[in-house]
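Right, one structure below, let's go through it.
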Amino acid sequence: MSREAHLYPLRHTDVDPKDDVLWNWAQNAQIGSRHQVQRPASEAELQELLRQSQGQIRVIGSKLSPGRMLHVSEQDLLLDLSAFNGQTASDEQSVTFGGATPLDQVYRTLTGMNRMLASSPGVIAIQTLAGAMATGTHGQGLQQSSIAGEALSIRMVLTGGSVREFRCGEPDFPAAQVSLGALGVVTAVTLRTGPFRIFTCHKNAVSADTLEQDLLRWNDEYPLSKAWWFVDDNRVHVWNANEANDDERLRYEQQDRQVVEHEGQADDSLNDTIDQTLAHMNRDTQIQGKGGKQFRTVTRFRDFTDVTGDIYQLFCRGHRGAADQRRNRRAAGENACHHQPD
């Protein structure tokens, strides 16, 4: 086996759902065996499992770890914490979630409360809140913290089975914020929240020749900035967002809080690059055709336009964006054309 094949194994396409093997999300690395998985229904059950465990303890989460990071033995305990899910408390400044709540659910809950986090979301939102924090999962831009930076308290079952609440301002709180899973199992997180805001995102495709200077300038000029560097073509796709003006906010509300596309011709300058990238992704993932939701981030770079929406609609793949709306409108139009009256 070559070094590259070891680092980047291909997806297994013949996985039997009845097999005892537990695969990671990409189906290219074995996490362990299904019989090793325990699903505690309460914090008390979790405490007892940790007290009795003889091997290492691993939280499955969304199973996003690369295969080369996994070294699970038969004695290890694999924890499915899906019971620790959802909003559990809130006040005027904060909301508390179970540690296993997917980020997408966190963002949808906050949006429904007209609240948001100060940290800009990463593009992918299927990971759990506790897992994202423990690994230092980012937002974007130099003016935002990571998701862990918005934590006010973190409730954790420690390795010996005791429970501790880490609070912001305590000397060891930073260790709990980005713990890499080394301290214990997170069961709940209280997040600092702020008022719901609307942004307008300006999208451009530019040369990467001055990327080092451009990144600093974009972050100085815009409160939210994100860039993707397509190395083979020496091109950068950049999203720079300002808070929306009154007219933009009004259009957004009139459109039932759906992403608003700005007038003008869609930019297709990255389409060839995106087609090449999708071809590589199909090869690497062994998924034929256009692929599933994991391809959605890349397809959003095709025929791009400036858009207005909330921070999660604009920056996070977990929320439907303008490209998804265009596809739905096209599908609705096709269905309407083929509809036969009774």
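The values are calculated or read from the model by the stated rules, or taken from the named source; none is laboratory data. The structure presented is a predicted model; accordingly, all values stated were derived computationally and were not measured. Note: ideal-geometry Cβ built from the backbone for every residue, glycine included; neighbour counts use all protein chains shown. We work out accessible area using only protein heavy atoms, side chains counted, and drop any ligands, DNA or RNA first. Shrake-Rupley method; radii C 1.70, N 1.55, O 1.52, S 1.80 Å.
Using amide H atoms built in the peptide plane, which far-off residues or other-chain residues are under 5 Å from R115 H to H? Under 5 Å from the amide H of R115: F196. In plain terms, the chain from D20 to V163 could stretch by 48.3 nm, reckoned as 0.36 nm per residue minus the Cα-Cα distance. With each label modelled as a point 7 angstrom along the Cα→C-beta vector, the V123-E45 pair spans 3.7 nm.
Only protein heavy atoms count here; on that basis, with a 1.4 Å probe, T137 has an accessible area of about 30 Å².
Mean separation of Cα pairs under 8 Å and 6 or more residues apart, divided by the residue count, gives the stretch 90-131 a relative contact order of 57 percent. Per-residue accessible area (protein heavy atoms, 1.4 Å probe) orders H237, H262, H280, H35 as H35, H280, H262, H237, starting from the largest. Placing a label point 7 Å from the Cα of E243 along the Cα-to-Cβ direction, the residues of the stretch 104-119 with a backbone N closer than 15 Å are 115-119.
Regarding the stretch 138-232, what is the average projected area of its C-alpha convex hull, in nm²?
On the way: hull surface 36.3 nm².
Across all orientations, the stretch 138-232 yields a mean hull projection of 9.1 nm².
Of the accessible area of the stretch 2-122, computed with a 1.4 Å probe over protein heavy atoms only, carbon and sulfur atoms account for 46 percent. Give me the Debye-computed log₁₀ of I(q)/I(0) at q = 0.10, 0.11, 0.12, 0.23 Å⁻¹ for the stretch 6-119, equal point scatterers on Cα only, no solvent, two decimals. After summing over all Cα pairs, the log10 values are -0.41, -0.49, -0.57, -1.22. Residues in the stretch 1-144 average 54 Å² of solvent-accessible surface per residue, probe 1.4 Å, ligands and nucleic acids excluded. Hey, for a label at R197 modelled as a point 7 Å past Cα toward Cβ, could you say which residues of the stretch 107-150 have their backbone N under 11 Å away? From the stretch 107-150, the list is 116-120, 144. Couplings 3J(HN,Hα) for the stretch 260-266, derived from phi with the Karplus relation 6.51 cos²θ - 1.76 cosθ + 1.60 (θ = phi - 60°), are 9, 8, 7, 5, x, 6, 5 Hz, where x marks Gly and Pro.
Counting only protein chains, not ligands or nucleic acids, how are V15, V157 ordered by accessible area (probe 1.4 Å), most first? Before the final figure, lay out each step's value.
Numbers: V15 45, V157 0 Å².
Result of the area sort, largest leading: V15, V157.
Note on K203: aspartates and glutamates with a C-alpha under 12 Å away, same-chain residues under 8 apart excluded, are E261, D267, D268, D303, D306. Considering every alpha-carbon pair of the stretch 176-236, the percent of pairs per 10 Å bin, from zero through the bin containing the longest distance, is 15, 30, 20, 28, 6. Note on the stretch 87-177: the C-alpha convex hull projects to 6.4 nm² when averaged across all orientations. Once both labels are positioned 7 Å from their Cα atoms along Cα-to-Cβ, the gap between Q38 and Q52 label points is 0.6 nm. Computed from phi, the 3J(HN,Hα) profile of the stretch 248-255 under the Karplus parametrisation 6.51, -1.76, 1.60 (θ = phi - 60°) reads 5, 5, 5, 4, 5, 5, 5, 9 Hz, with x in place of Gly and Pro. Here the stretch 131-244 has 52 percent of its accessible surface on carbon and sulfur atoms, given a 1.4 Å probe and all protein chains in place. Under the simplified labelling scheme, the L64-Q87 pair shows an inter-label distance of 2.3 nm, with each label point 7 Å from Cα along Cα→Cβ.
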